[in-house]
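What follows is a short report on a single structure.
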Amino acid sequence: MSDDAPPPVVPVGGMPTRSGSVARVLLLSALVSTALMALAYQLGIGDAVISRPGELVLLLVDIAPVLWFAAAAVLLSMLRWQSIDQRFRWVILAAVVAVAVSLALRTTALAQPPVAALLEPFTLGFVVVVGASILFTRARVRRLANGTDAGVTLVGVALGFVVVGFGVALGALRVGLAGPPVPPGAVARSVETSPTTGLLIGATLLMIGGLFWLTDRTRNPGVERP
């Protein structure tokens, strides 16, 4: 084989892609989506003030993200010769397992009610984070495999609005159905508030994301999409 031969690539649904690029894009997009979900959730519960050093970083330290990022890095490295769809199935399964572990620990060790435990940014919301990251990575890989990056930014912006909208709506539901979050061991406060406003804001952001997605479809009708 000549020294000038291109590095081996992995076929993905008939299209080639490099394993390292997939892992980097997926993990980076998941990190950005995690930050967006955390901040949007804080806005949804009405507590968006970041006043102490390191507080933003602490928002991202949770059971499910820690487990998933570690598992995803290992899976993407071990399964780098599989097709992208096969790898993504394992990645989403790892997210479900991480969320299940988080729910179990919240309802047992932290004694959270099941509804409150489910309506957290890193339980139900984290599945959305991983799903959005997979959709973005898959769209980017498929388009680059076709020789173009047209519309990748629009897809990213659309999914960003979706994550933020879901985070705001999730925070509003959390306050409306289970009360505001309280420190472990403290008594939950009962609040009589409607999540309607947060849900409307979330729905608006989701519609904006849909508009960006439709714009991409209109501007790039010949580009294969996920």
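The values are calculated or read from the model by the stated rules, or taken from the named source; none is laboratory data. Quick caveat: nothing in here was measured; it's all calculated off a predicted structure. Don't worry about glycine lacking a Cβ; one is built from the backbone with ideal geometry, like all the others, and counts go over all protein chains shown. To get the accessible areas, we keep the full protein, side chains included, count just its heavy atoms, and leave off ligands, DNA and RNA. Shrake-Rupley method; radii C 1.70, N 1.55, O 1.52, S 1.80 Å.
What FRET efficiency do you get for residue 21 and residue 196 if R0 is 41 Å and r is their Cβ-Cβ distance, rounded to the nearest 0.05?
Working: r = 43 Å, r/R0 = 1.05.
Approximately 0.45, to the nearest 0.05.
Start at zero, step by 5 Å, and the Cα-Cα distances of region 81-220 spread as 2, 10, 15, 16, 16, 15, 11, 7, 5, 3, 1, 0 percent across the bins.
Per 0.36 nm of contour for each residue apart, how much would the distance between residue 85 and residue 35 grow if the chain were fully extended, relative to their Cα-Cα spacing?
15.5 nm
When the accessible area of region 136-186 is split by element with a 1.4 Å probe, what percent falls to carbon and sulfur? Of the solvent-accessible surface of region 136-186, carbon and sulfur hold 64 percent.
Using θ = phi - 60° in the Karplus curve 6.51 cos²θ - 1.76 cosθ + 1.60, the 3J(HN,Hα) couplings for region 206-212 round to 5, 5, 5, x, x, 5, 4 Hz; x is entered for Gly and Pro.
Between residue 177 and residue 93, the contour length at 0.36 nm per residue exceeds the alpha carbon distance by 27.4 nm.
Sequentially through region 213-218, phi angles give Karplus couplings (6.51, -1.76, 1.60; θ = phi - 60°) of 5, 5, 4, 4, 5, 6 Hz, Gly and Pro residues having no value and appearing as x. Summing charges over all other residues whose Cβ lies under 13 Å from the Cβ of residue 211, with Lys and Arg as +1 and Asp and Glu as -1, gives +1. Legend: calculated FRET efficiency, residue 105 to residue 73, from the Cβ-Cβ distance at R0 = 30 Å, rounded to 0.05, equals 0.90.
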